[in-house]
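Encoded as structure tokens, the structure appears first; notes follow it.
The values are calculated or read from the model by the stated rules, or taken from the named source; none is laboratory data. All values derive from a computational prediction rather than experimental measurement. Cβ coordinates were reconstructed from backbone atoms using ideal geometry, including for glycine residues, and neighbour counts include every protein chain displayed.
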Amino acid sequence: MNNILNMAKLNLFVVGGLFCSAAFVSEAVSYMTYAKDISEESRRTGKIFYGFVPLRGVRLVVVKWSMYLLSFCQLLGKSLMVVVLYRTGGKPLVFAVLGGEMVAYLSFKLVRRDFRYWLPMPRGTSLAFSLLMRVIVKVICDFTGFLHARHPYEMGGFYWLMNMVWTQASVFGAIKLKEKFGRGVEDEMEIDMERVVNEENFQMIASVLLLLWLVAILGLFFGSEQELRKTFYSTMTAKQYTEALFDSGEDEIMGAVFENHRTYYREFEGEIKVWLGENWSGWHETRPKFLEALLKRIPIDLIPGSNIVSELAVADRLQMARRREERSALKRSVGRVLGLEKAIADAVVSELQKDR
């Protein structure tokens, strides 16, 4: 983007390269969202979020192209903002603005008690990994408008939407900032240089990107399935989404709560135990398809009869410890016997030598 804005002569290869790169990134992130959304498993086990993409008809085409256009505008808009900020105050200003955006996002997550990432990990590892993933997802969404980031486990619908609104608005803000504070260091060095894109054109570029972004967001909203449009602005947290899965009343969907960190469902573990107790025996008789996955994920203390299981596990460990002790005692006894036999043998040999 900076190379294009600095061009003294139009270079179609550079411009084409930028647009091809932006189009490739847009297609990649859009396809990831599309593939996940139309997945049969996703729509079966996460139907309160997945399924916004129509499977056929004109609306499918509208939604897919809206996804591409949305990511395209987001990438170019954010890049333009960064370049203008760099021209105004250099790297310190760029890092200050991007860092401020990141601090605001992390603070939002902390205030809503929605910071911990969903993957089940030990406490210390989980917090460190949560910070890493929150930062990564925020950066990806900043530059691509990654649609899956609206999931409550990621940014959430409300912040995802506001993040894109902020990006489009910040382009105009950066342009106004540059106009107010005059030319940057880079511009002073090239003040007499003619450019293909002048500063007067920045406002027009930003306006075109904003217009295309509005077309994309409206096409995405009105083309998607009506019952899932709320996912584009939902304020639901990860814990609330997990509880909504459990409240669905469908065993397979309810079992999906165990895919998450335990803090996500700790507040209603009592209800989970009741549900498991009522269905545990029946599941083992009918063997539903989700049972195997459920057995791999469920914490052992939530399994019905877990007290008995724990007692058996303790007894088994004690028995193994006794066996190890018995083997050790046997080895010591054998060692003593062998040592005694050696001593007797040495004594016999010594007496025979004396008789000679």
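Give the range 150-162 a look and list any residue that's in a helix (DSSP H, G or I) and either surrounded by 21 or more Cβ atoms within 10 Å (Cβ to Cβ) or among the small types (Gly, Ala, Ser) (or both), or say none. Walk me through how you get there before you give the answer.
Quick first cut of the range 150-162, residues in a helix (DSSP H, G or I) only: 150, 157-162.
Selection gives Arg150, Gly157, Tyr159, Trp160.
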Problem set entry | Test: Glu101 is over 24 Å from Gln240 (Cβ atoms) and surrounded by fewer than 18 Cβ atoms within 10 Å (Cβ to Cβ) | yes
For this session: Give just the number: which of (1) assigned to a loop (DSSP other than H, G, I, E, B); (2) within 19 Å of Leu218 (Cα to Cα) does Trp65 not satisfy?
Result: (1)
For this session: Would you point out which residue out of Arg44, Arg59 is surrounded by fewer than 22 Cβ atoms within 10 Å (Cβ to Cβ), basic (Lys, Arg) and more than 15 Å from Ser224 (Cα to Cα)?
Result: Arg44
For this session: Go through the range 240-252 and count every residue that is in a helix (DSSP H, G or I) and over 13 Å from Ile272 (Cβ atoms).
Result: 4
Exercise. Taking the range 107-117 as the region of interest, how many residues are surrounded by 15 or more Cβ atoms within 10 Å (Cβ to Cβ) and either touching a helix residue (DSSP H, G or I) at 6+ places or on another chain (Cβ under 8 Å) or closer than 30 Å to Lys296 by Cα (or both)?
Worked result: 6
Problem set entry | Condition broken by Glu188, with the remaining ones in (1) modelled with pLDDT under 65; (2) within 40 Å of the chain's Cα centre (by Cα) satisfied | (2)
Exercise. Quick one: would you say Pro120 is in contact (Cβ under 8 Å) with a residue 40 or more places away in the chain, in the same structural domain as Leu80 (by TED's automatic domain parsing), surrounded by fewer than 19 Cβ atoms within 10 Å (Cβ to Cβ) and not in a helix (DSSP H, G or I)?
Worked result: yes
Problem set entry | Index of the failed condition, Glu227 passing every other in (1) part of a helix (DSSP H, G or I); (2) surrounded by fewer than 17 Cβ atoms within 10 Å (Cβ to Cβ); (3) not assigned by TED's automatic domain parsing to the domain that holds Lys47 | (3)
Seminar exercise, completed: Scanning the range 107-124 for residues that are under 15 Å from the mean Cα position of the chain (by Cα) and over 16 Å from Met236 (Cα atoms) gives Leu119, Pro120, Met121
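Matching residues to (1) outside the structural domain of Ile48 (by TED's automatic domain parsing); (2) surrounded by 15 or more Cβ atoms within 10 Å (Cβ to Cβ); (3) acidic (Asp, Glu):
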| site | (1), (2), (3) |
| --- | --- |
| Ala256 | yes, yes, no |
| Asn260 | yes, yes, no |
| Gly270 | yes, no, no |
| Leu276 | yes, yes, no |
| Glu285 | yes, no, yes |
| Lys289 | yes, no, no |
| Ile298 | yes, yes, no |
